[in-house]
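Quick notes on the structure that follows.
Derivation of every value follows stated rules applied to the coordinates shown; laboratory data play no part. As the structure is a computational prediction, the values presented were derived from the model and not from experiment. For neighbour counting, all protein chains shown are included, and Cβ atoms are generated from backbone atoms with ideal geometry for every residue, glycine included.
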Amino acid sequence: MKIAKIVSSNSHIDYVGRIIDSLDVSAPPQPEDYGFAQFVRLPLDDETEIVGVIYNSMLVNPEYANYGPRLSPKPELGSFSPDYLNEQGFLIGILLLGTIDETKKISHGVPRRVVAAGQDVFKVEDADVRRFHTDENDCLQIHYYSQVVAHAALFAVPLLEAIIEQLALDCSESDKQRLGVLKQTLAWQRTLGGMRL
């Protein structure tokens with residue numbers, strides 16, 4: 001399901017997408033489709049896909065500072081002024097985590113490719129999330145851990161905790177134990193971080 005288009009970037013792995021709405025498609029995505037820690041994919045023209053995760057959201061509301069008098073109520077603006085557009089919307093921060101190449105080989109880390117403005121962003125379904133995190137021995141992998149810690153700032157620990165909870169829903173007992181240790185480490189880091197005031 002297509003949920004957004006890339007509009008800008010903050011760095012090579014930190015992109016901003018605008019959620020598509022009813023002006024773009026007849027059935028726009030629902031809020032649960034672009035929530036925190038939702039995995040997304042950006043398919044490129046050579047059958048390579050870049051995989052990322054939503055780690056931030058921002059509201060766009062150009063009307064906020066518009067305190068002038070209105071000549072007609074908002075519902076009537078469409079008939080009196082057909083060129084009037086509702087420019088309110090949502091922006092999402094997308095942190096890139098890795099790639100899936102044309103041979104379906106999965107790599108975690110910084111993608112080499114630059115994502116162009118206007119690139120479509122699609123929601124990744126649960127089965128594909130699991131596949132992205134599974135190595136050739138069918139063990140879970142999260143090799144982008146340090147990337148998230150370095151670039152997601154204040155959202156790093158909650159983002160990693162949310163990812164761990166998603167992955168723990170469908171994994172082996174040994175993987176659940178490994179994820180549990182990682183979650184305890186994150187809780188410890190959060191506690192120590194809170195003490196540095």
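Results, tabulated for the structure shown:
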quantity: Förster radius 35 Å - calculated FRET efficiency between residue 188 and residue 47, Cβ distance, rounded to 0.05; calculated: 0.25
quantity: Cα-Cα over 29 Å, subset of 5/176; 2/104; 123/176; 5/183; calculated: 5/176; 5/183
quantity: Net lengthening on full extension, residue 110/residue 168 (0.36 nm per residue, minus Cα-Cα); calculated: 18.4 nm
quantity: DSSP-loop trypsin sites (Lys or Arg not before Pro) across the stretch 86-153, with at most 11 other Cβ within 10 angstrom; calculated: 104, 105, 112
quantity: Built amide H within the under 5 Å cut-off of residue 38, gap 5+; calculated: 54
quantity: Kirkwood hydrodynamic radius of the stretch 2-195, from inverse mean 1/r over distinct Cα pairs, in Å; calculated: 18.6
